[in-house]
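Enquirer: Handing you this structure, nothing more for now.
The values are calculated or read from the model by the stated rules, or taken from the named source; none is laboratory data. Predicted, not measured: the structure shown is a model, and the values here were computed from it. When we count neighbours, we look across all protein chains shown, and the Cβ atoms used for this are built from the backbone with ideal geometry, even at glycine.
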Amino acid sequence: MSPAREENLILCNATLVGGAMEVAPEQVKAIVDASADAGFGGVSLWAFHHAAAVAGGKSPEEVKAWHTDRGLSVPVVESLIGWEGGDETMIAEQCGPTFEVASLYGAKIVAGVVMGAEIDRALAAKGLRRIGEMGADRGLKVCIEWLPWTGLPTIGAAWELIQEAGNDNLGLVVDSWHWLRQPGGPDAETLRQIPGDRIHLVQLDDAPTTGSGDDMMMESMTNRLLPGEGDVDWPELLGLLDEIGADPIWAPEVFNVGLLEQGPAEMARRIGESTRKVLGL
């Protein structure tokens, strides 16, 4: 097993507050401490959380120090939104602050998503090209995540859009929940066609093959399973990533209201334990 998996293992710690965007500074500090206490060497930071802590009276440098004082790197900052319409003013307003946070923390990667159920592909390619340029200006990689309930529902659709945009620093987020539950299911054929260096981030979580209701987005935000507790074929997915030479950041992202009730420290511990098990660490 590649030692790089341990070196590149971080936590998407927004899950420790259930993905809430409006949080108090004390909550941000608590999830930072829980991440460190669970043995993670870094986190994927939601820019919304940094902004909330600053709005709550903390300086940007103080919030950054919460991480550095606990030995946590911040190689990934999320989430770029509002770019798919191709409107440069909206992109500057919605995405500019996220890039600023990434620069403050010395991140390597900024990740984004499409939120709408439908997209205009030409405009989305234009918007993606622009955020790719914004990232390149700061020496950052930019990766996008497909969400099965949106206008970018599959790995194939996301990869095609990246190719249309054309920037060399653009890549993919492979979230194992979305990998399993995308229309048509896991798509090994498409993944094999993608250069390994274009897989920037792998988010680990699990799910049953069949959903628990009609609202897939709600299920994804409230009832993900710990890695290894669902139907994701981990040997297949990890094998495919090894086959194409991917060396991504590995970041569990387990939104689960039941785990949330256990508190951030225990939730982070359990996420770390299950993730290391499926990665063979």
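Enquirer: Could you list all residues from region 164-217 that are within 18 Å of Trp149 (Cβ to Cβ) and basic (Lys, Arg)?
Expert: Result: Arg181, single match.
Enquirer: Out of Thr89, Thr98, which single residue is assigned to a helix (DSSP H, G or I) and crowded, with 18+ Cβ neighbours inside 10 Å?
Expert: When all the criteria are applied, what remains is Thr98.
Enquirer: Additional query: So Ser103 passes all but one of these: (1) within 27 Å of Asp215 (Cα to Cα); (2) surrounded by fewer than 20 Cβ atoms within 10 Å (Cβ to Cβ). Which condition number does it fail?
Expert: (1)
Enquirer: A further question follows. List the helices (runs of 4 or more DSSP H) that sit entirely inside region 20-76 and contain at least 1 residues that are of a type in the set (Phe, Trp, Tyr).
Expert: 47-55, 60-68
Enquirer: Taking region 130-153, which residues are among the acidic types (Asp, Glu), closer than 20 Å to Trp250 by Cβ and not in a strand (DSSP E or B)?
Expert: none
Enquirer: Here's something else I'd like to know. Listed residues Ala207, Ala188, Ala124; which is of a type in the set (A, V, I, L, M, F, W, C), at pLDDT 95 or above, over 20 Å from Glu253 (Cβ atoms) and crowded, with 22+ Cβ neighbours inside 10 Å?
Expert: Every option except Ala124 fails the conditions.
Enquirer: Then there is this: Filter region 179-193 for residues that are in contact with a Leu (Cβ under 7 Å, 6 or more places away or on another chain) and either closer than 18 Å to Arg5 by Cβ or among the aliphatic types (A, V, I, L, M) (or both) and give the result.
Expert: Trp179, Ala188, Leu191
Enquirer: Within region 57-79, is even one residue of a type outside the set (Phe, Trp, Tyr) and in contact with a Cys (Cβ under 6 Å, 6 or more places away or on another chain)?
Expert: No; the residues of region 57-79 include none that is of a type outside the set (Phe, Trp, Tyr) and in contact with a Cys (Cβ under 6 Å, 6 or more places away or on another chain).
Enquirer: List, please: which pairs have Cβ atoms under 7 Å, are six or more places apart or on different chains, and start with a residue in region 207-232 that is at positive phi and end with one that is crowded, with 19+ Cβ neighbours inside 10 Å and not acidic (Asp, Glu)?
Expert: So the pair list comes out as Gly228/Ser274; Gly228/Val278.
For (1) in a loop (DSSP other than H, G, I, E, B); (2) within 16 Å of the chain's Cα centre (by Cα), each residue gets a yes or a no:
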| residue | (1), (2) |
| --- | --- |
| Ala125 | no, no |
| Leu128 | no, no |
| Ala158 | no, yes |
| Leu161 | no, no |
| Val173 | no, yes |
| Trp177 | no, yes |
| Gly185 | yes, no |
| Thr210 | yes, no |
| Met217 | no, yes |
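Enquirer: If you check Ile10 against the conditions, is it among the aliphatic types (A, V, I, L, M), in contact with a Ser or Thr (Cβ under 8 Å, 6 or more places away or on another chain) and surrounded by 15 or more Cβ atoms within 10 Å (Cβ to Cβ)?
Expert: Yes.
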